[in-house]
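To start, the structure under review is shown below, and the notes come after it.
The values are calculated or read from the model by the stated rules, or taken from the named source; none is laboratory data. Owing to the predicted nature of the structure, the values given are computational and were not obtained by experimental measurement. No Cβ is skipped: glycine too gets one built from the backbone with ideal geometry, and neighbour counts run over all protein chains shown. SASA here: full protein model, heavy atoms, side chains in, ligands and nucleic acids out. Shrake-Rupley method; radii C 1.70, N 1.55, O 1.52, S 1.80 Å.
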Amino acid sequence: SLRFSDPAAGISTPGTTNYPNGGMTRVSGIVLEPTDVAVSCAVIDATQGYAYLGTMTAPGQVIKVRLGSTGVPPVRVASLVLASGEDNLSRAIIDQNNGYAYFGTLTTPARVVKVKLGVGDNPPTRIGAVTFNSGEDNVGSAVIHPAAGYGYFGTYAFPPGRVVKVNLG
């Protein structure tokens, strides 16, 4: 018979599915509206307790969700349908201090849409958008430098890939 000297990792008791999984456990969830499909990116305003989800639809949609708390599940509170051509939201960044989120699109050329978050359960509102130059297509990554006031958006355009610096204004 085989004999191992190292201790077993995890739970070795039969009959349980309560394994460690890195300390993660599912707590709760919500079902969104039937029109809230293909959620593809998200940002969180932990200070105010909301998440903003972008959809892979045409036009794109931003869904506002109150995060809830211990024992209280998240709740969908509002949504915003963007303008025609602001399609397929792929990446997002948030500037919590100034109350805006920015959503990049999978379009040719790409766009970045500025959205005011809205206070409390009030819906988000579209502020404006910037369209990238020809060849700067399909936002595939995004980071923010809030102190400097810039967002950086990497594109799927190739070869070569591109990084577009946006003054968030």
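Taking the conditions exactly as written (of a type in the set (G, A, S) and either open to solvent by 30 Å² or more (accessible area, probe 1.4 Å) or more than 26 Å from V65 (Cβ to Cβ) (or both)), does A129 satisfy them or not? Yes: the conditions hold for A129. Residues that are crowded, with 19+ Cβ neighbours inside 10 Å and farther than 23 Å from G104 by Cβ within the stretch 51-77 comprise just one, R66. Checked against the criterion of being at pLDDT 90 or above, surrounded by fewer than 16 Cβ atoms within 10 Å (Cβ to Cβ) and among the small types (G, A, S), the stretch 18-40 contains one or more residues that satisfy it.
Is it the case, given these coordinates, that V143 is in contact with a strand residue (DSSP E or B) (Cβ under 7 Å, 6 or more places away or on another chain), open to solvent by 20 Å² or more (accessible area, probe 1.4 Å) and under 20 Å from M56 (Cα atoms)?
So V143 fits the description; yes.
Applying the criterion of at least 3 residues that are within 17 Å of the chain's Cα centre (by Cα) to the strands (runs of 3 or more DSSP E) found wholly in the stretch 45-157 leaves 50-55, 61-66, 75-81, 89-95, 100-105, 111-116, 139-145, 150-155.
One residue alone among L89, L117, L80 is open to solvent by less than 50 Å² (accessible area, probe 1.4 Å), touching a Gly at 6+ places or on another chain (Cβ under 7 Å), modelled with pLDDT of 95 or more and within 18 Å of S40 (Cβ to Cβ), and that residue is L89. Filtering G104, G118, G149 for residues that are free of Cβ contacts under 8 Å to residues at least 40 places away in the same chain and among the small types (G, A, S) leaves a single hit, G149.
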